[in-house]
1. Condition (residue is at negative phi, in contact with a strand residue (DSSP E or B) (Cβ under 6 Å, 6 or more places away or on another chain), surrounded by 11 or more Cβ atoms within 10 Å (Cβ to Cβ) and in contact (Cβ under 8 Å) with a residue 40 or more places away in the chain) applied to segment 54-61: is it met by at least one residue?
2. Considering only residues that are in contact with a Lys or Arg (Cβ under 9 Å, 6 or more places away or on another chain) and closer than 25 Å to residue 60 by Cα, look in segment 1-47 and name the one that is surrounded by the fewest Cβ atoms within 10 Å (Cβ to Cβ).
3. How about segment 1-60: which of its residues are in contact with a Gly (Cβ under 7 Å, 6 or more places away or on another chain), within 25 Å of residue 71 (Cβ to Cβ) and among the polar types (S, T, N, Q)?
4. Would you pick out the residues in segment 62-76 that are modelled with pLDDT of 85 or more, aliphatic (A, V, I, L, M) and part of a loop (DSSP other than H, G, I, E, B)?
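The values are calculated or read from the model by the stated rules, or taken from the named source; none is laboratory data. Since we're looking at a predicted model, the values are computed, not measured. Note that each Cβ is placed from the backbone with ideal geometry, even for glycine, and that neighbours are counted across all protein chains shown.
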Amino acid sequence: MRTFAPGAGIPEDPICGSMNAGVAQWLIRTGASAAGYRVSQGRRLARAGDITITAEPEGTVWVGGSTNTLFQGTALI
């Protein structure tokens with residue numbers, strides 16, 4: 001899944017983990033996909049990404065893959 005969020009300063013995320021997690025819940029629940037699959041996208045944009053989607057029997061969906069840290073911060077409570 002690609003995500004476009006120009007209002008947040010992100011013209012395009014060629015392989016969005018959170019979007020894939022949401023869609024994976026629907027695909028797996030409806031039987032349109034197996035309980036696990038791999039997504040590879042973004043090569044033509046020179047921003048290649050690969051993620052793995054796995055789902056546990058009770059419905060928890062996990063997204064795995066490599067990441068790039070774009071910012072760091074501290075949460076103040």
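1. Yes, segment 54-61 contains at least one residue that is at negative phi, in contact with a strand residue (DSSP E or B) (Cβ under 6 Å, 6 or more places away or on another chain), surrounded by 11 or more Cβ atoms within 10 Å (Cβ to Cβ) and in contact (Cβ under 8 Å) with a residue 40 or more places away in the chain.
2. The selected residue is 19.
3. Selection gives 41, 52.
4. If the condition is that a residue be modelled with pLDDT of 85 or more, aliphatic (A, V, I, L, M) and part of a loop (DSSP other than H, G, I, E, B), then 75, 76 are the ones that fit.
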